[in-house]
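Have a look at the structure below before the remarks.
The values are calculated or read from the model by the stated rules, or taken from the named source; none is laboratory data. The shown structure was predicted, so the numbers you read here are calculated from the model rather than taken from an experiment. Here the Cβ positions follow ideal geometry from the backbone for every residue, glycine too, while neighbour counts run over all protein chains shown.
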Amino acid sequence: MTASADRPRDAQEPEHGAEPRRPGTVAGPPRPGIPWWSVLVGVIGGVVLLAVAELLSLAFSSSSAPFVAVGGGFIDIIPPWVKDLAIGLFGTWDKIVLFASMVAVYIVLTALNGALGARRPRTAAVVLAGLGVFATIIVLTRAQNTVLDAVPTLLGTLVAVPTLIVLLRAVRAPSAPLDADEGWSRRRSLVGVGAVGVLAVIIAAGARGVNATREVARRAAEFTLPTPRTRAEEIPGDAQVEVEGMPPYVTPNEDFYRIDTALAVPRVDPTTWELRIHGLVDRELTMTFEELLAEPMIEKHVTLTCVSNSVGGDLAGNATWLGVPVRTLLERVGVKGGADMVLSRSTDGFTASTPLEALTDDRDSLIAVGMNGEPLPQEHGYPVRMVVPGLYGYVSATKWLTELTVTRFADDTAYWTTRGWSERGPIKIASRVDVPRSFDELAPDENGTVMLGGTAWAQQRGIATVEVRIDDGDWREAALGAAVTDDTWVQWSLAWQDATPGDHTVSVRATDGEGEQQTEERAKPVPNGASGWHTIDFSVE
Ligand SMILES: Nc1nc2c(c(=O)[nH]1)N[C@H]1C(S)=C(S)[C@@H](COP(=O)(O)O)O[C@H]1N2
Ligand SMILES: [Mo]
């Protein structure tokens, strides 16, 4: 570092042996205040790095973006209890909270770096370069990324570091005494130019991002879903119970819950997509999307649920899926003796371990391309995902599917099963109250009746009965809407005729088609799904 690059440290040292220092006072010349211009420039340098990298990443995979990669890496290394805590606190907002915290940390870091750069521009440049290199390394360690995916972050760093040096020098106190006003206005205009440039880059990046998303949506709309060889059963009108405020029996795609570890929804191009089936098989198979679409397809209603759903929660959705039975493809490759599991893998490295028998028995597990009559939405796995009736999503419902490895539980583990969740994930019997919501006040109709309603599921076994208890009364049997299949949820309703004004509680419990009654015993979602009866407080006018 040359002397001209950095302003000399305080010229005067505190005088020793002079007056004894009193606590709280500093001897020597007054310290300069916080160098706000440099702090701002530090943040601008950081933003340039990010903006350039995020913009360029649009031309690469969605996980080549440094923020997505670092956030994803963070999610993968934090202990499961922190993740559970975050999900408990923020629910499905957890990703947004993570991003917001990352932005906050990044701003603080780059601001501090700017302050450091007021005196030491080169050191600040090295720190920013270090941040860039760190992010590049994280990008490279992401499962789904190739060496090429490092390009956006590297270029972002290459642009940002000189920008930072130039701007830091521009706002630094001039070495020769200049007219104060002149120095001031020079700094201001330079920072102004920098800020405008940065803004332009951010806007450009935003626009490109929106475009890229539209592009995928457009392409998705372009391919026509094949006609199924077997149609799903007609859904009778009375599957939907007549209680105001009930969710629709078939969940619209845009309302379907979304759970995954992907910070940025993977962009998968169906024209280059391939599914590879290998492992303990007689002959490996690789299929293109076109080849997959040419396979005989079946259509099936399946209620999907997340193991993280708490009692009464809404991480469940019911859709009509279109796809190729996994069984057909497994028969084609010929599964070798000894195999008991299929490890499915997505483009972003997520894996799920599904018991082989759930994919080969008659439940018709699907390699799905359609959801409610449309190509899979991007968030739900476009172009191809798995759907396995009866198992929680974390052990079966791999979105953005690209690979099936026929293997053994003894030899392989999956994303969540290495993070404290059970190896097997059969869906537990569940029932919930949808109407009323907690603390609703219900108005009885002219006959003094209050309508209650809810949903129950026990995929693969079906729901036989649902019982409802109001306050400390007897359990009453609820009326059930049409049960379309054993793999779909049923809606229940209860006309409470002798509804009394005041505060009440309502509880619900279901019994499945095999006669097993939902347990009252409370269990948290970890490790294999929540249990317990859903109870709601409400009042009647
Ligand atoms: N690639 C990928 N697929 C995934 C996941 C994931 O994190 N990544 N999460 C699984 C989990 S835990 C669930 S509950 C379902 C949710 O599917 P949905 O988002 O379409 O509702 O997807 C499964 N498939
Ligand atoms: Mo899940």
Margin query: Any residue that is within 19 Å of GLY393 (Cβ to Cβ) and away from ligand 1 (no atom under 14 Å from the Cβ) - is there at least one of those in the stretch 251-274?
Written below: no
Notebook entry, point to check: Taking only pairs six or more apart or across chains, which ones have beta-carbon atoms under 7 Å, a first residue in the stretch 403-422 that is surrounded by fewer than 18 Cβ atoms within 10 Å (Cβ to Cβ), and a second residue that is of a type in the set (Gly, Ala, Ser)?
Noted result: ARG408/GLY338; ARG408/ALA339; PHE409/SER353; ASP412/SER353; THR413/SER353
Next item on the list: Give the residue that is nearest to ligand 2 (Cβ to nearest atom), with candidates limited to residues of the stretch 349-365 that are in contact (Cβ under 8 Å) with a residue 40 or more places away in the chain and among the small types (Gly, Ala, Ser).
Entry: ALA352
Notebook entry, point to check: Mind checking which residues of the stretch 232-260 are touching a Gly at 6+ places or on another chain (Cβ under 7 Å) and of a type in the set (S, T, N, Q)?
Noted result: GLN240, THR251
Next item on the list: Within the stretch 366-400, work out how many residues are modelled with pLDDT under 95 and within 16 Å of ligand 2 (Cβ to nearest atom).
Entry: 1
Margin query: Are there strands (runs of 3 or more DSSP E) fully within the stretch 441-506 with at least 3 residues that are surrounded by fewer than 18 Cβ atoms within 10 Å (Cβ to Cβ)? List them.
Written below: 475-477
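Residues checked against (1) at pLDDT 95 or above; (2) in contact with a Pro (Cβ under 9 Å, 6 or more places away or on another chain):
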site	(1), (2)
ASP503	yes, no
VAL506	yes, yes
ALA510	yes, no
GLU514	yes, no
GLN517	yes, no
GLU520	yes, no
THR535	yes, no
GLU541	no, yes
Next item on the list: Collect the residues in the stretch 343-355 that are under 18 Å from ILE427 (Cβ atoms) and among the hydrophobic types (A, V, I, L, M, F, W, C), keeping them in residue-number order.
Entry: ALA352
Notebook entry, point to check: Mind checking which residues of the stretch 223-237 are of a type in the set (Gly, Ala, Ser) and either assigned to a loop (DSSP other than H, G, I, E, B) or surrounded by 15 or more Cβ atoms within 10 Å (Cβ to Cβ) (or both)?
Noted result: ALA232
Checklist line | Those residues of the stretch 305-345 which are within 16 Å of ligand 2 (Cβ to nearest atom) and assigned to a loop (DSSP other than H, G, I, E, B), in sequence order | finding: CYS306, VAL307, SER308, ASN309, SER310, VAL311, GLY313, ASP314, LEU315
Note to self: If I filter the stretch 336-352 for residues that are more than 17 Å from the chain's Cα centre (by Cα), within 13 Å of ligand 1 (Cβ to nearest atom) and modelled with pLDDT of 95 or more, do I get at least one hit?
What the structure shows: yes
Next item on the list: Look at the stretch 272-288 and say how many of its residues are touching a residue at least 40 places away in the same chain (Cβ under 8 Å), on the phi < 0 side of the Ramachandran plot and out of contact with any Asp or Glu (no Cβ under 8 Å at 6 or more places or on another chain).
Entry: 8
Check: Quick check: anything in the stretch 398-409 part of a loop (DSSP other than H, G, I, E, B), within 16 Å of ligand 1 (Cβ to nearest atom) and of a type in the set (D, E, K, R)?
Finding: yes
Next item on the list: Any chance you could count how many residues in the stretch 246-280 are buried (at least 20 other Cβ atoms within 10 Å of the Cβ), at pLDDT 95 or above and touching a helix residue (DSSP H, G or I) at 6+ places or on another chain (Cβ under 7 Å)?
Entry: 3
Notebook entry, point to check: Which of the residues belonging to the stretch 227-262 are within 16 Å of ligand 2 (Cβ to nearest atom) and among the hydrophobic types (A, V, I, L, M, F, W, C)?
Noted result: PHE256, ILE259, ALA262
Next item on the list: Go through (1) within 11 Å of ligand 1 (Cβ to nearest atom); (2) closer than 22 Å to GLU374 by Cβ one by one and return the number of the condition GLU295 breaks.
Entry: (1)
Margin query: So, in the stretch 410-440, how many residues would count as being in a strand (DSSP E or B) and under 15 Å from SER507 (Cβ atoms)?
Written below: 6
Check: Would you pick out the residues in the stretch 34-47 that are closer than 21 Å to THR163 by Cβ and modelled with pLDDT under 90?
Finding: PRO35, TRP36, TRP37
Item checked: Single residue of the stretch 306-324 satisfying the filter (more than 16 Å from ligand 1 (Cβ to nearest atom) and within 22 Å of TRP489 (Cβ to Cβ)) that is surrounded by the most Cβ atoms within 10 Å (Cβ to Cβ) -> GLY312
